[in-house]
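For reference, the structure discussed in these notes is given below.
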Amino acid sequence: MDLVEEYAPTLLTILSTLEPYTRAPLSTLHTLSTRLTPLLTPYLTSLLNTLHASPAILSLAAILLLLILTLQILLFVRRVMMFWFRMMMRLLFWGVVVLVVSVVWQ
């Protein structure tokens, strides 16, 4: 609770300082949402009714989302491993180059 009491005045001054800069984008977003809500509501309602009627589609979507998330994690791990493998190969290469130069120098 002390943390909130400590930072509340600072946050309020920051928000009041940024208010002129955020007024235009927020008003644009508000106008956009008020205009799009009547247009998108029937489509979203029919989509939600379809998903409620057949949960198999929702299960399939959850499985696909899990598959995509898993692939992203595995690709990230692969990139990290390839970075360190390339780093070690470069270190080995330059170590051999230094070794050959030192042998030739002798």
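Scan the range 1-31 for residues that are assigned to a helix (DSSP H, G or I), open to solvent by 90 Å² or more (accessible area, probe 1.4 Å) and among the aliphatic types (A, V, I, L, M) and the total you get is 7. Only one entry of 35, 78 meets the criterion of being among the basic types (Lys, Arg) and within 26 Å of the chain's Cα centre (by Cα), and that entry is 78. Restricting attention to the range 62-95, the residues being β-branched (Val, Ile, Thr) and under 26 Å from residue 51 (Cα atoms) number 3.
The values are calculated or read from the model by the stated rules, or taken from the named source; none is laboratory data. The shown structure was predicted, so the numbers you read here are calculated from the model rather than taken from an experiment. In case anyone asks, the SASA skips ligands and DNA or RNA and just uses the protein heavy atoms, side chains included. Shrake-Rupley method; radii C 1.70, N 1.55, O 1.52, S 1.80 Å.
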